[in-house]
Every structure is written in structure tokens, then in C-alpha cells.
Amino acid sequence: MNVQAAICTRAYSEYIGPFDGNLVIKGNMSKRAVTILLAAPRGFCAGVDRAIQIVELALERYGAPVYVRHEIVHNRYVVEGLERRGAIFIDELEQVPDGGRVIFSAHGVAKSVPDDARRRGLAFLDATCPLVTKVHREAENHHAKGRHVVMLGHAGHPEAVGTMGQLPTGAMTLLQSAAEAETFQPPAGAQIAYITQTTLSVDDTASAVDVLNRRFPDLAGPRKGDICYATTNRQAAVKAIAGRCDGLFVIGAPNSSNSRRLVEVADGMGCGYSRLIQRADDIVWADLADRRRIGISAGASAPEVLVEEVIAAFRQRFEVSIEQITTASEDMEFKLPAELRA
């Protein structure tokens with residue numbers, strides 16, 4: 001390689017990335033300026049952190065394999081990291097061999113699941129988020145008082161399935177929207193109580209609750225809302241930046257309810273380009289040709305390392321300045337199961 005080519009290669013590496021042998025020389029090598037508005041809080045919540053710790057500590061204490069029913073949290077990066085350490089993720093208890101040890105995911109499970117584990121003599125740990133467990137207890141209390149329970153949630157989501165499974169069949173009705181709340185017909189003569197999935201849209205849930213309150217004046221509900229602090233805080237942080245962005249990325253999994261809600265919140269606040277991505281590789285860079293203010297947040301099951309990965313990808317392509325917008329501070333911690341605290 002001659003001197004001129006060597007200089008060009010260094011310039012390519014500095015401004016574009018490592019030289020791959022296909023040097024393309026452009027007239028202007030300077031990077032375009034982009035401002036990243038970084039939402040805070042973002043990423044892991046206390047329930048997710050606790051659930052991951054339970055799997056990690058179980059592997060350390062009992063050795064591999066440890067079986068986990070469903071994804072411990074909705075994030076492939078996290079799941080694949082635990083798989084490399086010896087966790088085996090399964091769909092149903094039948095896949096756990098006799099004498100195996102199983103962990104229930106952070107989303108919670110129906111009562112029948114631990115009952116089945118006990119019948120089989122399986123050792124198990126429950127990684128259900130304590131805030132989800134709180135909703136389970138609310139449902140039981142309402143049922144004990146003779147109320148018909150309405151759950152606001154998403155059909156098929158593991159948290160909704162687990163919560164519905166706390167009561168006998170027919171004792172709880174799942175509603176997914178204010179429109180469904182408007183047409184819901186309760187059992188004759190029953191008082192209605194409501195609970196909610198912890199990862200819903202704050203605004204959409206408020207609309208559905210308003211409908212229920214109007215239709216059922218004696219409606220019973222939680223003293224404080226069931227939507228968890230982390231979901232509420234992350235939605236508020238996205239609201240704070242979305243109107244200032246011409247593009248916004250939420251880092252999270254497609255099956256993550258709280259992550260999908262963040263994209264909806266950004267859309268609702270007028271951000272015309274809001275996308276859910278799992279990794280930096282999911283970004284369509286051509287879509288950002290005229291965008292100069294990019295918002296970034298992360299769902300409650302997305303680790304900060306993926307945020308750093310996305311920012312690094314932006315730095316490779318743009319001259320990046322970062323402004324963090326903080327709308328709340330979080331210091332919540334949940335205790336680990338007693339058998340792992342010893």
C-alpha cells in the first residue's frame with residue numbers, strides 16, 4: 001500500500017470504522033452532528049434485577065442445569081447469557097426431569113403451576129416480581145369478598161395468564177381496552193372489582209378505569225394503581241423527550257409489554273418516527289438521513305449494556321452529543337427468596 005492509500009485508510013478508519021479492503025473515499029469525511037436525548041429512568045427495574053439474580057444464584061448454589069419456566073424476563077440477550085451459564089428455558093413443567101430444579105419467571109404463574117411442581121416433588125424457586133404478587137393477592141381478596149374481578153391486561157401475556165390463574169375459572173374477566181370495558185356484562189347482581197397488569201399504558205388504563213367507574217358506581221379497586229413504578233416512570237421519561245425528538249428508539253423485546261407501551265407513548269406524544277429495537281443491528285440507518293435529535297429509552301427488561309451498544313453505533317456514524325433527561329430517581333430493591341439469602 002502506498003503512502004497516499006495508507007493516509008486514506010487511516011481516515012476511513014477514524015471516521016467510518018475499521019478498513020475492510022473496500023475503501024470508498026468521499027469528498028467530505030466529517031460526521032453529521034446528532035443529539036441523543038437519553039431518557040431516565042430506563043432499563044432494568046427491581047423486579048427484573050431480582051429475577052435474574054435468582055437464576056444466577058441458583059446456578060452458583062445448586063449447579064447446572066437449572067430449569068426456568070418461560071423466559072425469566074423478556075429479553076433474548078439476558079436469556080442467552082443465562083443459557084450459556086447452564087439455565088435451560090422450558091415451556092411447561094413436563095419438560096423438567098424428575099429431581100430437577102425449576103424457577104418460575106418474573107411474570108408470575110397460575111396457582112396450578114406450583115401445585116403441579118409439588119405433586120411431582122420438584123424443587124422450585126418463585127421469581128415472580130413482588131408487585132405482580134401484590135396484584136395476585138388483591139384478586140384473592142376481592143374474590144373472598146364475593147366480588148367479580150375484572151382484570152385490565154393483554155390476552156396471552158404471561159403476567160395476565162398467571163394472574164387470571166389465581167382464581168377459579170369464571171371468577172375473573174379479562175378486558176383489554178376502554179371499548180371492552182364499555183360493553184362488559186358482569187354476572188347478575190355481582191359487585192365489580194378491578195385489577196390491572198403491571199405493564200400497561202398509564203393513559204389507556206386510566207381511560208378504561210374511567211369507563212368502569214362510570215358504569216359501576218360501587219367499583220372496588222386498588223388503593224394505589226397496579227401499574228408498577230418502573231412502567232410509570234419509564235413512560236413519563238419518554239413523554240418528557242418524545243416531543244423534542246424527530247426519531248426515538250426503545251430498546252426491548254417484541255414480546256415485552258412495557259417496551260411496546262413506550263413506543264406507543266412516543267407515538268402519542270407526536271414523535272413521528274418511533275421504533276422498538278432489540279439491538280443496534282436493528283436500526284435502519286437510512287431512515288435517519290435527516291434526523292438530528294434522537295431519543296433513546298429501554299424497557300424494564302433491557303440491560304444498560306444494550307443502550308451503550310446503541311450509543312456506540314451512533315458514535316461510529318455521527319458526531320454525537322448526549323443530553324440525559326431524568327424525570328425520577330429509583331432506589332427500589334426486593335428481597336431474594338430466603339433459601340438464596342443464606
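Taken together, the values in this text are just the output of simple stated rules run on the coordinates, not laboratory data. Here the structure is a predicted model, which is why all the values come from computation and not from measurement. Don't worry about glycine lacking a Cβ; one is built from the backbone with ideal geometry, like all the others, and counts go over all protein chains shown.
Quick notes on this one:
- The charge dipole of the chain, taken about the Cα centre with unit charges on the Cβ atoms of Lys, Arg (+1) and Asp, Glu (-1), comes to about 420 debye, rounded to the nearest 20.
- Bins of 10 Å, starting at 0 and running to the largest distance - Cα pair percent for segment 49-129: 20, 59, 21, 0
- DSSP-loop trypsin sites (Lys or Arg not before Pro) across segment 293-342, with at most 10 other Cβ within 10 angstrom: LYS335
- For ASP226, distant residues with modelled amide H under 5 Å away: THR196
- Applying the Kirkwood pairwise sum to the alpha-carbon positions of the chain produces a hydrodynamic radius of 22.3 angstrom.
- Taking only the C-alpha atoms of segment 131-215, Rg followed by Dmax gives 11.8, 31 Å.
- Rounded to whole Hz, the Karplus (6.51, -1.76, 1.60) HN-Hα couplings of segment 92-99, x for glycine and proline: 9, 4, 4, 7, 8, x, 3, x
- Degrees separating the helix 46-62 axis from the principal Cα axis of the chain, which is the longest one: 90
- Listed by chain and number, the lysines whose alpha-carbon sits under 18 Å from that of LYS134, ignoring those within fewer than 8 places in the same chain, are LYS111, LYS145, LYS224, LYS335.
- Among THR169, GLY100, ALA286 - extreme Cα towards positive end, dipole of the chain, charges at beta-carbon: ALA286
- Counting only DSSP beta bridges whose two residues both lie in the chain, roughly 0 percent are antiparallel.
- Residues THR183, THR128, THR196, ranked from the fewest to the most other C-beta atoms within 10 Å, line up as THR183, THR128, THR196.
- Segment 119-270 shape via C-alpha gyration tensor axes, a/c threshold 1.5: oblate
- Along segment 168-177 the Karplus relation, 6.51 cos²θ - 1.76 cosθ + 1.60 evaluated at θ = phi - 60°, assigns HN-Hα couplings of x, 3, x, 7, 9, 10, 8, 10, 10, 7 Hz to successive residues, with x for each Gly and Pro.
- Contour excess over end-to-end distance, with Cα ends at GLU182 and ILE325 and 0.36 nm allotted per residue: 47.7 nm
- Scanning residues 5 or more positions from ALA220 or on other chains, those with amide H under 5 Å from its amide H are ILE192, ALA193, TYR194, with H placed 1.01 Å from N in the peptide plane.
- Based on Cα atoms of segment 17-170, Rg over Rh with Rh as the Kirkwood radius reads 1.18.
- Theoretical ellipticity at 222 nm over the chain - DSSP helices of four or more residues, -39500 (n - 2.57) apiece, nearest 500: -12000 deg cm²/dmol
- Short-range pairs are left out: with C-alpha atoms under 8 Å and at least six residues apart, the relative contact order of the chain is 24 percent.
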